[in-house]
Every structure is written in structure tokens, then in C-alpha cells.
């Protein structure tokens, strides 16, 4: 009887590990199309800028169109990349939140627990997920403290874009420092308006968030299923 129980336990463990590996693979599959889009969206913007430049030069002699074309040119060359990049940023972050929550729900089923991530109170959406893994699943995440702090910076930038028109509060020194030391993102020192200048920042975002999820899964395996 003990041998049968041992074999069942072994099979259950192998199944859990397979679920984890499949989950990690799913992250790569989900975020890869966004990276592909980012690469090609920049090509589209450059092509649009080139076409606009040609039209602007062609109609430059027509005074009645000069102001309109000039404003359109400004929008394309200065504002359009930032608008598109911010939209993609919000999408990426939303996907991360969703996958983090799904991971917690999977852990609830694996551990056969009544308490789910929705049952926790207080904190941000991702903080609830992090606390669920630490306090309910009982996995120590202390060695990912630095990664978590960076993740929270990304969350704060997301909130500023989504809820404050992308404007930093003057006293938010941590975010100002983070932006000043991070490639691909900047802010206007007068208006404090955030600009996502290039897809470099978005690719860094994807790499960080996916690695964070993968690292958590690996740590769960080490602490719970090895």
C-alpha cells in the first residue's frame, strides 16, 4: 500500500512539474507576438514619417495647407510613437497581471486550497498575487526583493499613464530616478509628462515581467516540489 501511495505521489509531482513547464512556455508564446509587433511597428512609423515628409515637401508651396501639414508632421514624428508605445505598455502590463493571477489560481487547485487570490484584501492587484504565494502557498520570495521593487516601478508607471495622463507627481523622486536611469523612457522636466521614446523600454518590460514569473515558478518548484 505504501508503495502505491509513493508511486501516486511521484506521478502527482511529475504532473505538477509538467504544468509549470507548460505555463512557462505559454509566457514565451504569448509575449513573442508583441515583440514581433514592436519590431515591425517601428518600421511602419518610419515609413509613415518618410511618406509624410515627401507630401510635406510636395505641398510646401501651398500656403493654405502649410499649417495643417506641419501639425500632422509634428504629430507623426513626435507624438505618434509615444502614443503607440504607451498603448502597448498598458497591454503588456495587463497581460502580466492576468498571468500572475492565473498562476495563483493554478496553485490554489494544485494545493487543493479553499482560499484563493481573490479572497485576500489590501494592496495592488499584483501585490495580492505576491502575498498569496508568500503567505498562502508558503513560498519565500525574499531573494527576489530587487526584482519585485522594479516590478512595482513598472506598476507605478502604468498607473500614471492609465490614471494621471502620464504625468509624474513632482514629489515622486523614486519614479523620476527610475526613469532617468532607464533606457527608452524619459519625461519632460517642465510638464513632468512621461514619454516612452523607443521599443527598447517595452522589450525590457517584457523581459523583466516574464523572467519574474518564471523565477517565481522555479522557486515554487525548489521549495515545494523538489
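The values are calculated or read from the model by the stated rules, or taken from the named source; none is laboratory data. Since the structure is predicted, the reported quantities are computational estimates derived from the model, not experimental observations. Backbone-built Cβ (ideal geometry, glycine too); neighbour counts: all protein chains shown.
Tally the residues that are under 28 Å from residue 99 (Cα atoms) and assigned to a loop (DSSP other than H, G, I, E, B), restricting the search to segment 182-210. Of the residues in that region, 5 qualify. Going through (1) part of a helix (DSSP H, G or I); (2) over 20 Å from the mean Cα position of the chain (by Cα); (3) at pLDDT 95 or above one by one, residue 139 falls short only on (1). Take residue 184 and decide whether it is over 24 Å from residue 32 (Cα atoms) and in contact with a helix residue (DSSP H, G or I) (Cβ under 8 Å, 6 or more places away or on another chain). Spelling it out, it is not the case that residue 184 is over 24 Å from residue 32 (Cα atoms) and in contact with a helix residue (DSSP H, G or I) (Cβ under 8 Å, 6 or more places away or on another chain). Could you list, in sequence order, all residues of segment 142-193 that are within 24 Å of residue 83 (Cβ to Cβ), buried (at least 16 other Cβ atoms within 10 Å of the Cβ) and touching a residue at least 40 places away in the same chain (Cβ under 8 Å)? Result: 154, 155, 157, 158, 161, 166. Residue count for segment 156-172, restricted to those that are touching a strand residue (DSSP E or B) at 6+ places or on another chain (Cβ under 7 Å) and not in a helix (DSSP H, G or I): 3.
Here residue 161 fulfils each of the conditions (1) over 19 Å from the mean Cα position of the chain (by Cα); (2) modelled with pLDDT of 95 or more apart from (1). Condition check for residue 121 on (1) within 28 Å of residue 41 (Cβ to Cβ); (2) outside any helix (DSSP H, G or I): one failure, at (1).
Looking only at residues in segment 88-132 that are more than 27 Å from residue 18 (Cβ to Cβ) and exposed (fewer than 12 other Cβ atoms within 10 Å of the Cβ), the one that is modelled with the lowest pLDDT is 122.
Would you confirm whether any residue within segment 148-155 is in a loop (DSSP other than H, G, I, E, B) and touching a helix residue (DSSP H, G or I) at 6+ places or on another chain (Cβ under 8 Å)? No, segment 148-155 has no match at all.
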